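Comments concern the structure below.
What follows draws every value from the coordinates through simple rules; no lab data is involved. Worth saying up front: this structure is predicted, and the values here are computed from it rather than measured. No Cβ is skipped: glycine too gets one built from the backbone with ideal geometry, and neighbour counts run over all protein chains shown.
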């Protein structure tokens, strides 16, 4: 379980800390999802937090979604739900520092450093970086939910599918509904939200 250092005043810990795993142990996706529900943990992400068998990663064909932020949410949730076993080591062994101008750290980004796939949003919001980042976050959660639905429709495990939806879909949907806080919608999210209502 790692720790992320944003600045000297603000540390961001692994979401696995919220599960109160105090000792080294092996858990299953069933344990992870049931604990998520029991502890009311509605969001999850995983990339820099631990080690992954690369051969296994290739075998399940799991990759980052291109051109969004919060890729580690989609990646982490689908990694854990497909795992046979998950080894938990509760001590922090490394600190991960956010680089400047990353999509998660765009607060002081310079105009020339804005990624091309965000630029049209930036222009739509009159070059307001705060609104750009907030809107892009909504768009990214929209894409993540779509990709999770596609995965679960093909994943042949009704119990895990049901637990996954119960654990994580509510927060994803809440985050997507922030779209109604914006008077502009350059990615046409509102027009493509019909699929959400079956999960509300």
Among DSSP beta bridges whose residues both lie in the chain, state the antiparallel percentage, nearest 5. 70
Diffusion coefficient, µm² s⁻¹, Stokes-Einstein with Kirkwood Rh over alpha-carbon pairs of segment 135-177 at 20 °C and 1.002 mPa s: 200
Largest to smallest principal axis extent of the C-alpha atoms in the chain, angstrom: 50, 43, 31
Determine the principal axes of the Cα atoms in segment 122-200, then give the extent along each, sorted from largest to smallest and rounded to whole angstroms. 46, 20, 18
Output ordering of 149-157, 137-145 (per-residue mean of other Cβ within 10 Å, highest first) is 137-145, 149-157
